[in-house]
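Each remark here refers to the structure printed beneath this line.
The values are calculated or read from the model by the stated rules, or taken from the named source; none is laboratory data. Please read all numbers here as calculations on a predicted model, not as lab measurements. FYI the Cβ positions are ideal-geometry reconstructions off the backbone, even for glycines, and counts take in every protein chain you see. Note: areas computed on protein heavy atoms with side chains; ligands, DNA, RNA excluded. Shrake-Rupley method; radii C 1.70, N 1.55, O 1.52, S 1.80 Å.
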Amino acid sequence: MSDNILNFSLADFFFNDSPSVLNPPSDFEEWMGHPAVQRGFSFYEQELLEAPRVSTRIRSNLDGKERRIINLTSYNYLGLSTHPEVIQAAKDALDKYGLGSSGAPLLSGTLDIHVELAQKLAEFKKKEDCLLFSSGLGANVGTIQGLLRKGDYMVVDEKIHKSIIDGGTLSGAKMLFFDHNSMDSLQMMLEKTKGKRTLVAVEGVYSMDGDLPRLPEILDLCDEYGAGSYVDEAHSTLMFGANGRGVAEHFGVEDRVGISFGTLSKSFGGVGGFVCGSKPIIRYLKGYASPWNFSCAPSPAVSGGLLKALEIATRDSSLRDKLWKNVTYLKNGLNRLGLDMGESESQVIPIIIGADGAKLMRFAAAMQTRGLFLQPVDFPAVPAHARRFRISVSSQLTQAEMDETLNIIEDVIVKGKE
Amino acid sequence: MTKTEVIEVIKRIIEENLDDVSIDDIDPQKSMKDYGANSLDMIEVVSCSMRELNIKVPRAELAEIHNIDSLADKFMEYMGS
Ligand SMILES: Cc1ncc(COP(=O)(O)O)c(C=O)c1O
């Protein structure tokens, strides 16, 4: 392994050959301990010393120094996590209910504030009912695991989020992956599952690429083959559609989506997840979605803040408009620099560097030293030939911050000033 | 071990991991996808094969491999090294 150490990744240590389950694989420590590998990992788990705003401070793992940075990595798309009204609402809920819910929703954890939030989210998504979870990942795992059984099929886009795959694995359903956004490939898979109970799952905005699903066509195929549909709107809720209801609204197909998933941790600025659907299926899920019925209900303080966040994001479109203005400005700038942004159609903008992992890490270090916090995304999270940076645009970005961002990107990535 | 033997190992593990496939039907010029494997199944087959052959090929080097025969070639590069 020593001569090609950088070709290895976490993907190579998943299967463990150690005799004891409490030890990692025999060569894992050797790999992890290698200076080049450590350098790569040093980008992860860097401490933020202030709120995850666009302008914040980190303790840089590069040199241990504290640094003021322009943060283009947090998912605080609309800046709601630090909105003064949201903070006040969270404080009020904290005062009223305390820190925790002290129980799973089924037995004692359901507070009136949870019911109100779920109702508002269902109304917002134009569905009959909504189930609230303490985590977005938990909402996907629990819902998929609650819907599917051994003998069922789940047909998913090959770029689908891990939480949906984990739900599928847990359910025992057979999973088929169709080529990203290829309707021919989807149809081929649906031919295979014809006559079987099948769920088709796609994302609203693909989280590593920033492109959208071909939702109207996907839903046509679901109808043709009698499959159920599931849309993960983690990165599209509050961003897409005239009213921010997501890509289903954007494409005008809301009433055709079976289950609509959203997370409360990105544009909403809190933490948690939810799924919306018909009353009967939500009632059924309550019996079988373990992350709901075997896990404590969300923190009431967070739920209070989220109610306000939803109100702010939907009372007018000012934050969303600001976000899209920033997206356009940054994309125009990146275009002028000739950078490869893949197929991005959203506030998630990849800058694809290519196969050279060492170069990716050098660029990341140079940009961070200059004050730009733009995290590298490496294999296996993305294909080995398309390692990248990924910009999460925020409505909080000022013109000056965007110009500085483009300057640093130009110097480091385009001119190679490391 | 010869390449033919490596292919036999891969074929056997494909049979063990996929539904409705028997060793005799497996053509090394084809991809596991042709036998109904999804990406998780393929990782499983590759990992089990490597464990049995006592080799470790980085996943990043397997991205461009599209059939069983070239997978065996890749494995051969790492055998006895
Ligand atoms: C597409 C998608 N689905 C689900 C999740 C899980 O959401 P959360 O981080 O809120 O648990 C994420 C984010 O991590 C995501 O990108």
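Within the stretch A:388-418, how many residues turn out to be without any contact (Cβ under 8 Å) to a residue 40 or more places away in the chain and surrounded by 23 or more Cβ atoms within 10 Å (Cβ to Cβ)? Count: 1.
I want to confirm something. Restricting to the stretch B:42-51 and keeping residues that are over 24 Å from A:ASP3 (Cα atoms) and open to solvent by 30 Å² or more (accessible area, probe 1.4 Å), which single residue is farthest from the other protein chains (Cβ to nearest Cβ)? Talk me through it step by step, then tell me what you get.
First, pick out the residues of the stretch B:42-51 that are over 24 Å from A:ASP3 (Cα atoms): B:42, B:44-45.
Add one more test, that the residue is open to solvent by 30 Å² or more (accessible area, probe 1.4 Å), and what stays is B:42, B:44.
Values: B:MET42: 10, B:GLU44: 9 Å.
Filtering the stretch B:42-51 for residues that are over 24 Å from A:ASP3 (Cα atoms) and open to solvent by 30 Å² or more (accessible area, probe 1.4 Å), the one farthest from the other protein chains (Cβ to nearest Cβ) comes out as B:MET42.
Restricting to the stretch A:354-379, name every residue that is within 14 Å of chain B (Cβ to nearest Cβ) and under 20 Å from the mean Cα position of the chain (by Cα).
Let us first name the residues in the stretch A:354-379 that are within 14 Å of chain B (Cβ to nearest Cβ), namely A:354-358, A:360, A:378-379.
A:ASP378, A:PHE379, listed by residue number.
Of the residues that make up the stretch A:56-67, is at least one more than 15 Å from A:THR369 (Cα to Cα), out of contact with any Phe, Trp or Tyr (no Cβ under 8 Å at 6 or more places or on another chain) and in a loop (DSSP other than H, G, I, E, B)?
As a first pass, look at the stretch A:56-67 and keep what is more than 15 Å from A:THR369 (Cα to Cα): none.
So far as the stretch A:56-67 goes, no, none of its residues is more than 15 Å from A:THR369 (Cα to Cα), out of contact with any Phe, Trp or Tyr (no Cβ under 8 Å at 6 or more places or on another chain) and in a loop (DSSP other than H, G, I, E, B).
When every residue of the stretch A:281-297 is checked against the conditions, at least one turns out to be open to solvent by 20 Å² or more (accessible area, probe 1.4 Å), away from the ligand (no atom under 15 Å from the Cβ) and within 16 Å of A:GLN119 (Cβ to Cβ).
Specify the residue that is least open to solvent (accessible area, probe 1.4 Å); the eligible residues are those in the stretch A:36-49 that are touching a strand residue (DSSP E or B) at 6+ places or on another chain (Cβ under 7 Å) and hydrophobic (A, V, I, L, M, F, W, C).
Filtering the stretch A:36-49 for residues touching a strand residue (DSSP E or B) at 6+ places or on another chain (Cβ under 7 Å) gives A:43, A:46-49.
Next, from what is left, pick out any that are hydrophobic (A, V, I, L, M, F, W, C): A:43, A:48-49.
Details: A:PHE43: 5, A:LEU48: 65, A:LEU49: 51 Å².
Within the stretch A:36-49, the match that is least open to solvent (accessible area, probe 1.4 Å) is A:PHE43.
Total residues in the stretch A:181-213 satisfying the condition of being within 14 Å of the ligand (Cβ to nearest atom), without any contact (Cβ under 8 Å) to a residue 60 or more places away in the chain and either among the basic types (Lys, Arg) or under 17 Å from B:SER39 (Cβ atoms) (or both): the figure is 3. Counting only helices (runs of 4 or more DSSP H) that sit wholly inside the stretch A:247-353, those with at least 3 residues that are out of contact with any Pro (no Cβ under 6 Å at 6 or more places or on another chain) and over 27 Å from A:THR73 (Cα atoms) are A:279-288, A:290-293. With respect to the conditions (1) free of Cβ contacts under 8 Å to residues at least 40 places away in the same chain; (2) in contact with a Ser or Thr (Cβ under 8 Å, 6 or more places away or on another chain), A:ARG67 falls short on a single one, namely (1). Of all residues in the stretch B:52-64, how many are within 12 Å of chain A (Cβ to nearest Cβ) and either among the β-branched types (Val, Ile, Thr) or part of a helix (DSSP H, G or I) (or both)? Of the residues in the stretch B:52-64, 7 are within 12 Å of chain A (Cβ to nearest Cβ) and either among the β-branched types (Val, Ile, Thr) or part of a helix (DSSP H, G or I) (or both). Looking across the stretch B:28-51 at every residue that is of a type in the set (Gly, Ala, Ser) and in a helix (DSSP H, G or I), the one that is farthest from A:SER26 (Cα to Cα) is identified as B:SER39. Considering only residues that are more than 18 Å from A:SER267 (Cα to Cα) and not in a strand (DSSP E or B), look in the stretch A:383-397 and name the one that is modelled with the highest pLDDT. Across the stretch A:383-397, the extreme among qualifying residues is A:ALA386.
Working only within the stretch A:156-176, note down all residues that are within 12 Å of the ligand (Cβ to nearest atom) and part of a helix (DSSP H, G or I). Scanning the stretch A:156-176 gives A:LYS162, A:SER163, A:ILE164, A:ILE165, A:ASP166, A:GLY167.
Criterion first (within 20 Å of A:PHE13 (Cβ to Cβ) and within 12 Å of another protein chain (Cβ to nearest Cβ)) does A:VAL382 satisfy it? Yes; evaluated as a whole, the condition is true for this residue.
Pick from the stretch A:6-35 the residues that are free of Cβ contacts under 8 Å to residues at least 40 places away in the same chain, within 9 Å of another protein chain (Cβ to nearest Cβ) and in a helix (DSSP H, G or I): which of them is most open to solvent (accessible area, probe 1.4 Å)? For the stretch A:6-35, the residue satisfying everything is A:ASN7.
The residues on offer are A:VAL271, A:VAL247, and the sole one that is open to solvent by 20 Å² or more (accessible area, probe 1.4 Å) and within 16 Å of the ligand (Cβ to nearest atom) is A:VAL271.
Considering (1) open to solvent by 10 Å² or more (accessible area, probe 1.4 Å); (2) within 16 Å of the ligand (Cβ to nearest atom); (3) of a type in the set (Gly, Ala, Ser), the lone condition that A:GLY226 does not fulfil carries the number (2). Tallying residues that are within 16 Å of the ligand (Cβ to nearest atom) and farther than 24 Å from A:GLU85 by Cβ within the stretch A:251-268 yields 4.
Screening A:PRO52 against (1) surrounded by 21 or more Cβ atoms within 10 Å (Cβ to Cβ); (2) outside the structural domain of A:VAL302 (by TED's automatic domain parsing) leaves a single unmet condition, (1).
Taking residues in the stretch A:165-176 that are in the same structural domain as A:GLY142 (by TED's automatic domain parsing) and within 9 Å of A:TYR153 (Cα to Cα), and partners anywhere that are open to solvent by 50 Å² or more (accessible area, probe 1.4 Å) and of a type in the set (Val, Ile, Thr), not one pair has Cβ atoms closer than 6 Å while being at least 6 places apart or on different chains.
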